[in-house]
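Read-outs: derived from the displayed coordinates by stated rules, not from any lab. This is a predicted model, so every value here is computed, not measured. Every residue, glycine as well, gets a Cβ built from its backbone with ideal geometry; the counts of neighbours run over all protein chains shown.
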Amino acid sequence: MCGIIAYVGTKPCKQTIIHGLSRLEYRGYDSAGLACIDEKHKHISYHKYAGTTTTTSPVQRLEQTATINGHIGIGHTRWATHGVVNEENTHPHFNCQKNIAVVHNGIIEGHEKIRKALIEQGHDLHSTTDTEVAAHLLGNHLKKHNDLKTAVMEFSQELHGAYAFVFLLEKYPEKLLIMRRRSPLVVGIGENEMFAASDYLAFSDKTNKVVFLPDDSFALLSKNNIELYGFDGKALQVIEHKINSLSQKIDKQGFDHYMLKEIYEQKHAITRTISFYNLIGSTNKTANKDDLTKPYEPNYTDAIWRQLTLNPNEVGRLKSINMIGAGTSWHAARIAQFFFEYICKIPTRVHLASEFRYMPFFKDTNSTYIMISQSGETADTLEALKLISGYDQHSIALTNVASSSMVREAQGFLPMQAGPEISVASTKAFSTQLATLFWLANRIALERGIIDEKQMHDAEGDLFIAAEILEASIENYKLEITQTLASQYAKYDRFIFLGRHISYPFAMEAALKLKEISYVFAQPYPAGELKHGPIALIDEKTPIFIFSVLDDLIYQKLVSNAHEVKARHGHLVVFAFEGQDELIKAADTAFVIPRVNPLLAPLAMTGLMQFFVYHITCVLGCPIDKPRNLAKSVTVE
Ligand code: M6R
């Protein structure tokens, strides 16, 4: 986890570092710090802050108070893995002489052993982090070898785990030492300046010329030069990429929170998704490659063409589909399983990324793995992808960040058209994942002759309708939610969310949304399981939510579940569709939305569910965009 930014150049580094940190806060915001080589005194000076107050984040405190003066510096925003949130554990960390400073993203395995050895050698360690050992250990190697390159090579042999490091060394006041094993690190090349960061976003307004540091490599960055080496000391070729980026201003545009803004962006994001895929997926292949420079996010057009849709032969051969994701992306996959099985009749399995790696793997040349991830950096999903690649198994990354590690690792790439998602709680990423996967299922069905061009066209139309309803239903209930319902439901401290068939994974997503932003406990259950245990929990203090479906048979089963709740004096809230009168009548509170294609029922309900959860959280006064203990991108396993 954590975000790293570093600068070397001709300008004062403070603003670049602070600006980069504020763009990296999605990777963690427990604490933040920066260090630079002081221009005048030629030594390292630094500032650190831990903990977020209700009004100020650690990065904002750095901006307000840090006084540093130099042209080379490093910064870090932390999501705590080893060691509590306090100033001692805040990066940068130092060696004993404080002439080496380091920022780190990742986890150093076996750091306890290294720490013990360092203490036995007489080193003074001040934090309980794994990172601090790196500064001391590198110091040891630099004492042993006058040559920086040799010292780094030896140092890399002693470290295990995942890491992206940037070191500031007083002895080399013009150079940044950067290193990477498994955690992401990207270099930006400017005019007489270089940047290094965990994510291109940190400096995307400064340059679009980048170098993705290869795994197991290190580099020495000076303002005009990159010297790149493998851990074995061999010089590596520096490969420059141009990010085709629309420089985006990231602000709340008048909304109180990014989450609310992003909820409202969904209709357009889905529309953009359909138009985008319609263009590149057109069967007459007349789409002009240049048209693809238009997508919302930075894109490598070549990557889009790289097996965006599987080629016809491969589609014909497909005997199964696998999807892998974490959190909300996993929920999207669980819903999309219904798309692939119902529309293309292809057996589909969905795997939780954090579990997948530890299960036996069965290579299948007639299968593909779709890796679903908003960030394209989630460590659990990325590691699962690397395992799959190791077996030469076909894979496709469905992500929102075209410059992400997953896009580079997978064979195919399905870009999401969500646009930057800033709030930790995923909203528009979820809905555009659903839209993309629904489109893909239909596109595969077309390729296999299961549906014809007209049905493909109708499917795209169904997506447009679902997007309309997603937004219109927010408007329908806006007043009721903001004036009464949000306050009424903010009084409860636990909920049960029920769904069946395609609405069960949606209930899981709704429960995750409520838990992560409001800290209120919500337990999702398949409605049919209620009678096998959870029914014992029904009382007047635990509202039961039922998310309906548009399949008549399954709807009837949900109606029975609703009666079971009411027979026990439970408080019932339903998200239902027009005409589902029996369910609506049984409810204490009912949200009713227009009918859509049954497979798009969850997508149509998404906006209203998120809006309701958002307003409950507003009543509770929680920091919506940055919930406690969380980070937007989870880059540790
Ligand atoms: O970037 P990813 O989609 O791979 O992230 C996966 C999860 O960490 C993410 O969906 C998380 O569950 C969100 N906070 C949910 O709102």
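Things to note:
- Of interest is the spacing of the C-alpha centroids, which for the stretch 110-125 and the stretch 127-166 amounts to 13 Å.
- Cα-projected label distance for Thr482 with Asn224, points at 7 Å along beta-carbon direction, nm: 5.7 nm
- Neighbour-limited loop hits for trypsin sites (Lys or Arg not before Pro), the stretch 81-182 (at most 11 other Cβ within 10 Å; DSSP other than H, G, I, E, B): Lys171
- Under 19 Å from the Cα of Lys386 - lysines, other chains or at least 8 residues apart: Lys363
- Summed over qualifying helices (DSSP H, 4 residues or more, each -39500 (n - 2.57)) and divided by its residue number, the chain shows a 222 nm mean residue ellipticity of -11500 deg cm²/dmol.
- The packing ranking, built from the mean of other Cβ atoms within 10 Å per residue, places the peptides 441-449, 119-127 in the order 441-449, 119-127, highest first.
- Cα pair distances in the chain, grouped into 20 Å bins until the bin that holds the longest one, percent each: 19, 49, 28, 4, 0
- Its Cα centre serving as origin, the chain has a Cβ charge dipole (Lys and Arg +1, Asp and Glu -1) of approximately 600 debye.
- Ellipsoid semi-axes in whole angstrom, largest first, where each is sqrt(5λ) of the Cα gyration tensor of the stretch 67-222: 24, 17, 15
- Length released on extending from Glu109 to Cys96, taking residue separation times 0.36 nm less the Cα-Cα span: 2.5 nm
- Charging the Cβ of each Asp and Glu at -1 and of each Lys and Arg at +1, and nothing else, the dipole of the stretch 566-637 about its Cα centre rounds to 180 debye.
- Simple spin-label estimate for His160 and His145 in nanometres, 7 Å along Cα-Cβ: 2.1 nm
- Length-normalised contact order of the stretch 96-156 in % [C-alpha pairs under 8 Å, at least 6 apart]: 33 percent
- Förster radius 45 Å - calculated FRET efficiency between Ile119 and Ser389 (Cβ-Cβ, nearest 0.05): 0.65
- Backbone geometry of the stretch 320-325 corresponds, through the Karplus equation with coefficients 6.51, -1.76 and 1.60 at θ = phi - 60°, to 3J(HN,Hα) couplings of 7, 10, 10, 10, 9, x Hz, x marking Gly and Pro.
- Relative pair counts by distance (%), Cα atoms of the stretch 423-526, 5 Å bins: 2, 10, 14, 16, 22, 14, 9, 6, 4, 2, 0
- Value in Å of the Kirkwood radius, where the stretch 565-636 supplies the Cα pairs that are averaged: 14.9 Å
- The mean sequence separation of alpha-carbon pairs under 8 Å and at least six residues apart, normalised by the residue count of the chain, gives a relative contact order of 12 percent.
- Ordering of 354-363, 373-382 by burial proxy (mean other Cβ atoms within 10 Å per residue, highest first): 373-382, 354-363
- Inter-label distance, nm, simple model (7 Å from Cα along the C-beta direction), Glu88/Arg628: 2.2 nm
- Qualifying trypsin sites (Lys or Arg not before Pro) in the stretch 11-51, DSSP loop, other Cβ atoms within 10 Å at most 11: Lys40, Lys42
- Cα point-scatterer Debye curve for the stretch 44-103, base-10 log of I(q)/I(0) at q = 0.17, 0.20, 0.30 Å⁻¹: -0.61, -0.83, -1.44
- For peptides 229-240, 75-86, sequence by mean Cβ density within 10 Å, most packed first: 75-86, 229-240
- Relative to the longest principal axis of the Cα atoms of the chain, the long axis of helix 601-620 lies at roughly 60 degrees.
- Less than 5 angstrom separates the built amide H of Ile546 from those of Leu498, Val573, Val574, Phe575, all sequence-distant by 5 or more or on a different chain.
- Extension reserve of the Tyr519-Tyr358 stretch, reckoned as 0.36 nm per residue once the Cα distance is removed: 55.0 nm
- Part-to-part distance (alpha-carbon centres) for the stretch 433-490 and the stretch 320-337, which is given in Å: 17 Å
- Across the stretch 387-492, the relative contact order, built from alpha-carbon pairs under 8 Å that are at least six residues apart, equals 14 percent.
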